[in-house]
Amino acid sequence: MRILHFSDLHIGVENYGQTDPETGLSTRLADFLSSLDEVVDYALTEDVDLVLLAGDAYKGRDPSQTHQREFAKRLARLSEAAIPTFLLVGNHDLPNAVSRATAVEIFQTLQVPYLQVGSNLQNYSIPTKSGPLQIMAVPWPRRSGILSREESRGLTIEEVRQAVQNRMTEAIYARAQALDPEIPAILTGHVTVNGATVGTERSMMLGQDHVLLAGDIGRPQVDYVALGHIHKHQILRNENPFMAYSGSLQRVDFSEEGDDKGFCVVDLDPAAPQGKRLADFNFHRLDARRFVTVDVTVPLGDPDPTSAVVRAIARKDVAGAVVRVRVTLPAEVEAQLRDADIREALSAAHYIAAINRETPQENRRTRLDADSARDLQPMEALRLYLESRGVEPERQEKILRHAEQLVEREVSGPP
């Protein structure tokens with residue numbers, strides 16, 4: 001039984017993109033859809049029994065008609081090939097009101113063949129060509145669905161989060177006990193697991209994370225734990241049960257510059273006993289859009305700082321990449337730095353994200369193209385500001401966490 005596990009598709013992320021003159025759509029949308037096409041092509045040609053998206057199909061809770069159309073096209077290819085698809089609800093898929101539908105609920109409503117949406121923390125039974133498969137779904141929790149207004153009244157944000165985590169842990173234990181030991185089972189969760197590595201730039205991870213322990217989510221009754229929400233691919237546990245984040249298919253910001261992007265393929269042996277069904281695990285890398293940082297230090301006395309920057313750019317492969325340039329130089333030669341020449345040296349880049357200047361006497365100035373500045377999300381804009389002020393990474397993370405709390409209160413309203 002072969003399972004293709006990917007996550008955090010985030011259709012709708014268009015930062016660092018341009019408008020394609022032929023289609024009128026963002027080139028970054030094309031990046032994300034191209035990666036999804038590779039996932040679908042693999043499923044169609046490599047005898048996959050189930051395609052599993054572990055949360056966050058879209059960037060936001062209200063995807064545009066174009067984004068919905070393009071996602072639906074890819075799902076239709078899987079449905080027409082009779083390949084079951086399971087869509088877990090992530091935090092970016094949730095509405096801001098309990099009565100509203102999730103971003104992916106429409107596919108369940110339309111009863112698309114071979115497609116199941118995991119919107120509740122419960123066990124699902126999925127028929128595949130290799131036999132039945134049990135999926136314990138752990139979607140991003142709706143606080144109001146776990147704690148009543150009365151229960152959360154008077155609690156701090158931290159206390160509410162801890163209460164939600166406790167309820168989730170109890171529910172996972174109960175659902176694990178209800179699994180049939182004779183049938184293969186996996187757990188898929190859109191959560192943060194304690195010990196996972198996250199990037200320092202967390203503009204996409206809006207709101208407070210509910211952190212679960214690996215031991216609590218990795219129940220012995222399941223054969224594989226397929227995780228989403230964190231964009232960095234990583235294996236958290238290589239013993240029963242095997243536990244992995246697939247990571248996102250495309251890089252979202254510079255915190256993911258050095259990360260491999262792709263999807264996971266898991267082979268289970270239905271004939272093996274519980275706890276011994278994992279037969280193989282592979283991570284398939286995709287050729288995602290590259291992000292490149294060019295760091296340059298211009299020495300004191302250099303008569304032509306622009307040439308030093310251009311030479312540094314030439315040493316990097318910037319063709320087709322999203323590029324930022326960070327220049328440290330003496331204040332007395334800063335006026336000699338020619339932006340036009342630097343941009344010419346970056347002409348092969350897909351997008352110039354920023355040209356930063358820093359002098360020992362002054363704080364760094366971050367220069368952004370007008371399009372880039374307009375597309376910035378609030379958390380990303382704050383991060384760039386903190387970076388431009390030279391704030392230490394640990395302090396940046398602390399400030400961003402507090403900012404996320406304020407945004408979460410604004411989005412969710414009172415508890």
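The values are calculated or read from the model by the stated rules, or taken from the named source; none is laboratory data. These figures come from a predicted structure and were not determined experimentally. FYI the Cβ positions are ideal-geometry reconstructions off the backbone, even for glycines, and counts take in every protein chain you see.
Select from region 235-255 the residues that are surrounded by fewer than 19 Cβ atoms within 10 Å (Cβ to Cβ) and under 18 Å from the mean Cα position of the chain (by Cα) and list them in ascending order.
Let us first name the residues in region 235-255 that are surrounded by fewer than 19 Cβ atoms within 10 Å (Cβ to Cβ), namely 235, 237-240.
Answer for region 235-255, where residues must be surrounded by fewer than 19 Cβ atoms within 10 Å (Cβ to Cβ) and under 18 Å from the mean Cα position of the chain (by Cα): just Ile235.
So, in region 9-60, of the ones that are on the phi > 0 side of the Ramachandran plot and out of contact with any helix residue (DSSP H, G or I) (no Cβ under 8 Å at 6 or more places or on another chain), which residue ends up surrounded by the fewest Cβ atoms within 10 Å (Cβ to Cβ)? Don't jump to the end; show me each part of the working.
Our first condition is that a residue be on the phi > 0 side of the Ramachandran plot; within region 9-60, this holds for 10, 12, 16, 24, 47, 55-56.
Then drop every residue that is not out of contact with any helix residue (DSSP H, G or I) (no Cβ under 8 Å at 6 or more places or on another chain), which leaves 24, 47.
Details: Gly24: 8, Asp47: 11.
The selected residue is Gly24.
Starting from residues that are part of a strand (DSSP E or B) and hydrophobic (A, V, I, L, M, F, W, C), keep the ones in region 256-272 and report whichever is nearest to the chain's Cα centre (by Cα). Don't jump to the end; show me each part of the working.
Within region 256-272, the first condition is being part of a strand (DSSP E or B), and the residues that meet it are 262-268.
Checking which are hydrophobic (A, V, I, L, M, F, W, C) leaves us with 263-266, 268.
Working: Phe263: 12, Cys264: 15, Val265: 18, Val266: 20, Leu268: 26 Å.
Restricting to residues being part of a strand (DSSP E or B) and hydrophobic (A, V, I, L, M, F, W, C), the top hit is Phe263.
When you look at Leu94, is it out of contact with any strand residue (DSSP E or B) (no Cβ under 7 Å at 6 or more places or on another chain), assigned by TED's automatic domain parsing to the domain that holds Leu278 and closer than 29 Å to Gln122 by Cα, yes or no? I'd like the intermediate steps shown before the answer.
Values: out of contact with any strand residue (DSSP E or B) (no Cβ under 7 Å at 6 or more places or on another chain): yes; assigned by TED's automatic domain parsing to the domain that holds Leu278: yes; closer than 29 Å to Gln122 by Cα: yes.
The answer is yes for Leu94.
Of the residues that sit in region 41-88 and are out of contact with any strand residue (DSSP E or B) (no Cβ under 8 Å at 6 or more places or on another chain) and among the β-branched types (Val, Ile, Thr), which one is modelled with the highest pLDDT?
This residue is Thr45.
If I filter region 304-318 down to residues being part of a helix (DSSP H, G or I) and not small (Gly, Ala, Ser), which single residue comes out as surrounded by the fewest Cβ atoms within 10 Å (Cβ to Cβ)? Spell out how you get there, then give the answer.
The initial filter retains those residues of region 304-318 that are part of a helix (DSSP H, G or I), namely 305-314.
With the extra rule that they be not small (Gly, Ala, Ser), the set shrinks to 305-306, 309-311, 313.
Working: Pro305: 21, Thr306: 19, Val309: 24, Val310: 17, Arg311: 11, Ile313: 20.
Here the residue is Arg311.
Give the residue that is modelled with the highest pLDDT, with candidates limited to residues of region 4-29 that are in contact with a strand residue (DSSP E or B) (Cβ under 6 Å, 6 or more places away or on another chain) and among the aliphatic types (A, V, I, L, M).
Our first condition is that a residue be in contact with a strand residue (DSSP E or B) (Cβ under 6 Å, 6 or more places away or on another chain); within region 4-29, this holds for 4-8, 11-12, 14, 16-17.
This time we only want the ones that are among the aliphatic types (A, V, I, L, M), so: 4, 11.
Numbers: Leu4: 98, Ile11: 94.
Result: Leu4.
Among the numbered criteria (1) within 30 Å of Glu14 (Cβ to Cβ); (2) at pLDDT below 95; (3) touching an Asp or Glu at 6+ places or on another chain (Cβ under 8 Å), which one does Gly228 miss?
With (1) within 30 Å of Glu14 (Cβ to Cβ); (2) at pLDDT below 95; (3) touching an Asp or Glu at 6+ places or on another chain (Cβ under 8 Å) applied to Gly228, the lone miss is (2).
Among all residue pairs at least 6 apart or on different chains, which show Cβ distances below 9 Å where the first residue, located in region 227-249, is outside the structural domain of Asp260 (by TED's automatic domain parsing) and without any contact (Cβ under 8 Å) to a residue 40 or more places away in the chain and the second is assigned to a strand (DSSP E or B) and aliphatic (A, V, I, L, M)?
Short answer, once both residue conditions are applied: none.
Output the residues belonging to region 338-357 that are in a loop (DSSP other than H, G, I, E, B), surrounded by fewer than 19 Cβ atoms within 10 Å (Cβ to Cβ) and not polar (S, T, N, Q). Please lay out each step first, then the result.
Going through region 338-357, the residues in a loop (DSSP other than H, G, I, E, B) turn out to be 338, 346-350.
Adding the requirement that they be surrounded by fewer than 19 Cβ atoms within 10 Å (Cβ to Cβ) leaves 338, 347-348.
Answer for region 338-357, where residues must be in a loop (DSSP other than H, G, I, E, B), surrounded by fewer than 19 Cβ atoms within 10 Å (Cβ to Cβ) and not polar (S, T, N, Q): Arg338, Ala348.
Out of the residues in region 261-301 meeting the condition of being charged (D, E, K, R) and surrounded by 15 or more Cβ atoms within 10 Å (Cβ to Cβ), tell me which one is nearest to Arg326 (Cα to Cα).
So in region 261-301, the residues charged (D, E, K, R) come out as 261, 267, 269, 276-277, 280, 285, 287, 289-290, 295.
Still in the running and surrounded by 15 or more Cβ atoms within 10 Å (Cβ to Cβ): 261, 267, 269, 277, 289-290.
Numbers: Lys261: 25, Asp267: 44, Asp269: 51, Arg277: 49, Arg289: 20, Arg290: 17 Å.
This residue is Arg290.
Can you tell me which residues in region 41-59 are assigned to a loop (DSSP other than H, G, I, E, B), more than 16 Å from Ala226 (Cβ to Cβ) and out of contact with any His (no Cβ under 6 Å at 6 or more places or on another chain)? Even if it seems obvious, please write down each step before you answer.
Of region 41-59, the ones assigned to a loop (DSSP other than H, G, I, E, B) are 46-49, 54-57, 59.
In the following step, the residues that additionally are more than 16 Å from Ala226 (Cβ to Cβ) were identified as 46-47, 59.
Within region 41-59, Glu46, Asp47 meet the criteria.
Out of Gly215, Gly262, Gly258, I need the residue that is more than 17 Å from Thr192 (Cα to Cα) and modelled with pLDDT under 95. Which one? I'd like the intermediate steps shown before the answer.
On the way: Gly215 fails: more than 17 Å from Thr192 (Cα to Cα); Gly262 fails: modelled with pLDDT under 95.
Sole residue among the options that is more than 17 Å from Thr192 (Cα to Cα) and modelled with pLDDT under 95: Gly258.
Please enumerate the residues belonging to region 14-29 that are assigned to a loop (DSSP other than H, G, I, E, B) and closer than 16 Å to Glu70 by Cβ. Spell out how you get there, then give the answer.
As a first pass, look at region 14-29 and keep what is assigned to a loop (DSSP other than H, G, I, E, B): 14-18, 20-25.
If the condition is that a residue be assigned to a loop (DSSP other than H, G, I, E, B) and closer than 16 Å to Glu70 by Cβ, then Glu14, Gly17, Asp20, Glu22, Thr23, Gly24, Leu25 are the ones that fit.
Filter region 70-108 for residues that are within 25 Å of Thr45 (Cα to Cα), hydrophobic (A, V, I, L, M, F, W, C) and either part of a helix (DSSP H, G or I) or within 21 Å of the chain's Cα centre (by Cα) (or both) and give the result. So that I can check it myself, show each step before the final result.
Initially, region 70-108 is screened for residues within 25 Å of Thr45 (Cα to Cα), giving 70-88, 107.
From what is left, the residues that are hydrophobic (A, V, I, L, M, F, W, C) are 71-72, 75-76, 78, 81-83, 86-88, 107.
Matches in region 70-108: Phe71, Ala72, Leu75, Ala76, Leu78, Phe86, Leu87, Leu88, Phe107.
Could you check region 109-201 for strands (runs of 3 or more DSSP E) lying wholly inside it with 3 or more residues that are at pLDDT below 85 and closer than 23 Å to His233 by Cβ? Quick ask: steps written out before the conclusion?
On the way: elements: 115-118, 122-128, 131-138, 185-190.
The strands (runs of 3 or more DSSP E) meeting that bar number zero.
Looking only at region 323-363, which residues are of a type in the set (Gly, Ala, Ser) and over 23 Å from Gly258 (Cα atoms)?
Here is the first cut: in region 323-363, the residues of a type in the set (Gly, Ala, Ser) are 331, 335, 340, 345, 347-349, 353-354.
If the condition is that a residue be of a type in the set (Gly, Ala, Ser) and over 23 Å from Gly258 (Cα atoms), then Ala331, Ala335, Ala340 are the ones that fit.
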